[in-house]
Every structure is written in C-alpha cells, then in structure tokens.
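See structure below.
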Amino acid sequence: MKLLVDTHLLLCAAGDILPGEALPYFTDESNTLFFSGASIWEVTVKKGLNRPDFNVDPSALYWGLLYNGYNELEVSSQHALALADLPPIHRDLFDRILIAQAKAEGAALLTSDYNLSQYSPVIYVRK
C-alpha cells in the first residue's frame with residue numbers, strides 16, 4: 001500500500017516514539033512509505049517560529065528519511081489544484097496539501113490527527 005506519512009508521524013518515527021497503532025504500517029514491507037516536501041517545509045517554518053514540538057533540524061530529517069527508505073513526494077501544481085476539491089473540514093494548509101497529495105497519488109495519508117480522519121483516503125492511528 002502507498003502511504004503518505006503526515007509530518008507529526010514522521011517526527012515520531014525519526015525520534016523512535018511511534019504510537020503503537022502506527023508501528024505495523026511502518027514495519028510492513030508491502031507498504032511503500034512517502035514523505036512530502038510540504039512536511040519538510042512545515043518543519044522548517046515551525047522550527048523558525050520556535051515551536052517546541054518542531055525542534056528538529058529539517059535537513060537532518062530530510063536526509064534521514066531518504067536514508068531510511070522513504071520516498072519523497074514533491075508538491076506539484078496538480079496537488080495544489082486538488083485542494084479545490086477538499087471540503088473545509090481542516091484549515092491547516094500543510095495538512096490540506098498532504099490530503100490533496102494522497103488523493104492525487106492514489107495513496108492513503110497515515111496520521112494521528114483525529115481531525116484529518118474525516119477525509120478520505122486517510123488511515124487514522126491513535127497517539
């Protein structure tokens with residue numbers, strides 16, 4: 001299964017603190033794990049705002065994800081256009097582009113954000 005991992009779970013995976021429900025998705029070799037360039041952007045922006053939950057070096061995160069076999073999904077114009085089809089359930093622009101990317105790429109968004117569970121295709125795992 002193609003899984004686009006949301007930013008929060010990427011940070012959890014990088015810190016070896018994945019929620020128990022998420023672990024099988026990361027260890028199942030039949031899953032292909034993706035991260036979005038938007039997640040690296042989000043980490044860079046929120047680290048610059050001194051958010052304590054984003055206290056990670058974005059460059060180290062990026063290279064670590066690639067080293068550990070994640071596939072990068074760059075943000076395209078088609079992804080941006082797919083935003084127009086999303087209902088206004090969630091207002092966070094970073095999360096909305098992740099959902100649009102997952103839809104456009106035929107992937108599921110893997111998240112621990114309950115608000116995102118109202119979208120499709122989303123796999124919600126409890127924290």
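Read the figures in this text as sums done on the coordinates, not as results from a lab. Not measured: the values here are computed from a predicted model. Ideal geometry is used to build each Cβ from the backbone, glycine not excepted, and the neighbour counts take in all protein chains shown.
Which order results if V122, V43 are arranged by neighbouring Cβ count within 10 Å, fewest first?
Numbers: V122 19, V43 24.
In order of increasing Cβ crowding within 10 Å: V122, V43.
Shown in residue order for the stretch 36-46 are the 3J(HN,Hα) couplings computed by the Karplus curve 6.51 cos²θ - 1.76 cosθ + 1.60 at θ = phi - 60°: 9, x, 5, 5, 5, 4, 4, 4, 4, 5, 6 Hz (x for Gly and Pro). Remark on A22: its backbone amide H falls under 5 Å from none of the residues 5 or more positions apart or on other chains, H modelled at 1.01 Å from N.
Coupling constants for the stretch 11-17 follow from the phi torsions by the Karplus curve (6.51 cos²θ - 1.76 cosθ + 1.60, θ = phi - 60°), and in residue order they are 5, 5, 5, 5, x, 6, 10 Hz; glycine and proline get x.
About its Cα centre, the dipole of the stretch 2-124 is roughly 300 debye, where the only charges are +1 on Lys and Arg Cβ and -1 on Asp and Glu Cβ. [x] 35, 34, 25; [y] 44, 29, 23; [z] 62, 31, 28: which one is Cα extents along the principal axes in Å as calculated from this entry? Correct label, based on the coordinates given: [x]. When the trypsin sites (Lys or Arg not before Pro) in the stretch 1-104 are filtered for DSSP coil states and for at most 16 other beta-carbon atoms within 10 Å of their beta-carbon, the remaining sites are R91.
Remark on L109: its backbone amide H falls under 5 Å from those of L4, V122, I123, a criterion applied only to residues 5 or more positions apart or on other chains, H modelled at 1.01 Å from N. Close amide-amide hydrogen proximity is noted between Y70 and no other residue 5 or more places distant or on a separate chain, at a cut-off under 5 Å (H modeled in the peptide plane; Pro and chain starts excluded).
When T7, T32 are arranged by Cβ crowding within 10 Å, least crowded first, meaning fewest neighbours, the order is T32, T7.
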